[in-house]
Amino acid sequence: MIEDKEAGGVVLFDDGDHRFIWLGGEAKTRKGVVQTMQYLIIDKGRGVLLDPGGVHLFPRVVAAASRYISIDRIDTIFFSHQDPDVSSGIALWLGVTSAKIYIAELWIRFIPHFGIVDQARIVAIEGVGKSIRLASGAELTFVPSHYMHSPAAYSLFDRRAGILFTGDIGGAVFPDGAETLYVDDFKAHVKFIEGFHRRLMASNSVTKRWVENARRLAPTMLAPQHGALYRGDSVGAFLDWLSALRCGVDDLDALYRM
Ligand SMILES: [Fe+2]
Ligand SMILES: [Fe+2]
């Protein structure tokens, strides 16, 4: 169980100019609602929020982020994809910050359905290039994650921190009381990620491709939007597992049986 003291956040990396912070998850899993985690990068006093989440989470994420930075200093928000648990709070976030939102181009015409948004503040990742550069010189690299699970999705690699924010990839669904902050025993963790990945990830051909890119980046930590953070040996163990996984359309029989 994640300790209450940690529910407000944990600094995962800090070199003085650049911090990568886990902003906590819901203190308690709410029945029938998938638990999510949010992250904040602070670089030379400016903030980058990763997958800040839906409307019902907004007060908690504002409170957690405010412990580290004034909200009006958040000028970048990254959405890994279009799902409501990632982006349905968009109108609220645009209201309390002057941030630009980065999301895959495909979703730009869909997300206004979450509320009135100023389209001029939405940036298509494909038009930006490979990465965005922060004030300290640190770079955040967009990592193609299409069909994992969304058809247009990105992970985000913070090379300076060595942390790969993976969005839904690596996500775990914990039963009540089984939550941990870190995955330290990958074998014991598989039961919490297996169903999620088999159903959501499109196919092994896709997971393999993503893993090849992820290995090239050599992250020291994987930070997913659900579940727990991979560190140490569990990073490589997860990548090996994902690269060999049969999932999605690899096995349609069970889904299409009539
Ligand atoms: Fe999703
Ligand atoms: Fe998600």
Most mobile listed residue (Phe114, Phe238, Phe165) in the chain, GNM with C-alpha springs under 10 Å: Phe114
Per residue, how much accessible surface does the chain expose to a 1.4 Å probe? Answer in Å², no decimals. 45
Listed residues Ala237, Ala64, Ala178, most fluctuating in the chain (Gaussian network, C-alpha, under 10 Å): Ala178
With everything on Cα atoms, drop me the angle between helix 186-200 and the longest principal axis of the chain, reported from 0 to 90° to the nearest 10. 90
For the chain, the longest principal axis of the Cα atoms and the Cα long axis of helix 233-243 enclose an angle in degrees, to the nearest 10, of 60
Aspartates and glutamates whose Cα lies under 20 Å from that of Lys44, excluding same-chain neighbours fewer than 8 positions away: Asp14, Asp15, Asp17, Asp72, Asp75, Glu139, Asp158
The chain, Gaussian network, Cα under 10 Å: of Asp15, Asp168, Asp184, the residue fluctuating most is Asp15
Taking 28 Å as the cut-off for C-alpha to C-alpha distance, list the pairs among Lys100/Lys130; Lys100/Lys208; Lys130/Lys187; Lys130/Lys208 that go past it. Lys100/Lys208; Lys130/Lys187
Considering only protein heavy atoms and a 1.4 Å probe, what is the carbon-and-sulfur percentage of the accessible area of the chain? 54
Over the Cα atoms of the chain, Rg to Rh with Kirkwood Rh, two decimal places? 0.94
Go ahead and estimate [θ] at 222 nm for the chain from helices alone: -39,500 (n - 2.57) per DSSP H run with n ≥ 4, summed, over the residue count, rounded to 500. -7000 deg cm²/dmol
Label model pair Arg216, Val11: point-to-point distance (7 angstrom along the Cα→beta-carbon line) in nm is 3.4
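The values are calculated or read from the model by the stated rules, or taken from the named source; none is laboratory data. A quick note: this is a predicted structure, and the numbers were derived from the prediction, not measured. Cβ atoms come from the backbone with ideal geometry, glycine included; neighbour counts cover every protein chain shown. Accessible surface is based on the protein model in full, side chains and every heavy atom, while ligands, DNA and RNA are left aside. Shrake-Rupley method; radii C 1.70, N 1.55, O 1.52, S 1.80 Å.
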